[in-house]
Amino acid sequence: MKGGAGYAGGARRVAMATAVVVALLVLGVALDQGLLGRAGSATRGWVSGVRAGAPSSAAPTGAGASPVSPAPSPTTTAPALDVPAAPRIVADHLTFGAPRKAETAAYAARHYGTRTSRLRPTMIVLHYSESDTYSSVRSLFEADLPNRGEEPGTCAHFVVDQDGTIHELVPPTLVCRHTVGLNHVAIGIEFVQSSRGHDPRWATQQVLARRAQAAAGVALVEHLQRRFAISDDKVIGHAMANQANEFRDLEGWRNDHVDWQAPEVGAFRRLLTQAP
Ligand SMILES: [Zn+2]
């Protein structure tokens, strides 16, 4: 019968539609829990480290809300990431010959009591560039202009562009002037990002929410942690530098920078895994 056959066909369509919905829900859970990683990379997200029931704040970007995902972070958001096991680092070194090394050694003597440009890193300090392009960041660091009336110019060892490209501007075995009080012990990493008049925490939340850039930053930090045996708690933000145990400045200088505050550094650390 037409009516009966139609009813039976409708029932089958309902059953199939239900199966599709269930399959999509399972897929959504798998994605939220980072279960679908690519070969040779690790997929991970901060969501596993979130405190249940904590108050939430407005998220700067949609992080893939799902009815079955855990509660959002109380402080900031970051997406699940595909983090390569070994980051691709593009060497684009600044001019750092004998003159700049001599300026650096003299700076180290004045501020740390150690006249050397050699670095044995025990910490990593995260920054954002307050600019929109890698080329502008590089030009600033290449210029080697005095800062606070002293040479050498400021710099960072690495700059992570918004598309995930990692540039090495200075080898991490050379002192580079990026953080008052910690240049004698710390590698500096800049993320290309402007605050655009927003709160500085907003800027770092943009970095965390930008998958390619965040994944590259995590892969780079993990690579440096393995190379120099640096623990997660020694990965800090510029805004945290004055409170670091290693902070030292013989001329009484202090940082007045606000980039990478503790909540966002905490979110970044939760993306790190212990090196294999
Ligand atoms: Zn900074």
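The values are calculated or read from the model by the stated rules, or taken from the named source; none is laboratory data. On a predicted model such as this, the values are computed, not experimentally measured, just so you know. With ideal geometry, Cβ positions are generated from the backbone for all residues, glycine too; neighbour counts draw on all protein chains shown. The protein model used for the area step is the full one, side chains on, heavy atoms only, and it has no ligands, DNA or RNA in it. Shrake-Rupley method; radii C 1.70, N 1.55, O 1.52, S 1.80 Å.
From I230, I236, I189, which residue is closer than 12 Å to V125 by Cβ and more than 16 Å from the ligand (Cβ to nearest atom)?
When all the criteria are applied, what remains is I230.
Conditions (1) modelled with pLDDT under 95; (2) of a type in the set (V, I, T), marked per residue:
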{"site": "P72", "(1), (2)": "yes, no"}
{"site": "A78", "(1), (2)": "yes, no"}
{"site": "V83", "(1), (2)": "yes, yes"}
{"site": "P87", "(1), (2)": "yes, no"}
{"site": "D92", "(1), (2)": "no, no"}
{"site": "T95", "(1), (2)": "no, yes"}
{"site": "R100", "(1), (2)": "no, no"}
{"site": "R110", "(1), (2)": "no, no"}
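Of the residues R211, R177, which single one is among the basic types (K, R), assigned by TED's automatic domain parsing to the domain that holds N245 and surrounded by fewer than 22 Cβ atoms within 10 Å (Cβ to Cβ)?
Just one listed residue meets the conditions, R211.
Name the residues in the range 83-95 that are open to solvent by less than 60 Å² (accessible area, probe 1.4 Å) and either aliphatic (A, V, I, L, M) or part of a strand (DSSP E or B) (or both), would you?
Answer for the range 83-95, where residues must be open to solvent by less than 60 Å² (accessible area, probe 1.4 Å) and either aliphatic (A, V, I, L, M) or part of a strand (DSSP E or B) (or both): V83, P84, I89, V90, L94.
Residue under question is Q206, and the condition is that it be within 12 Å of the chain's Cα centre (by Cα), within 16 Å of the ligand (Cβ to nearest atom) and more than 21 Å from F141 (Cα to Cα); does it hold?
Spelling it out, Q206 is indeed within 12 Å of the chain's Cα centre (by Cα), within 16 Å of the ligand (Cβ to nearest atom) and more than 21 Å from F141 (Cα to Cα).
Every residue in the range 244-272 that is without any contact (Cβ under 8 Å) to a residue 60 or more places away in the chain, over 30 Å from L81 (Cα atoms) and within 16 Å of the ligand (Cβ to nearest atom), please.
D256
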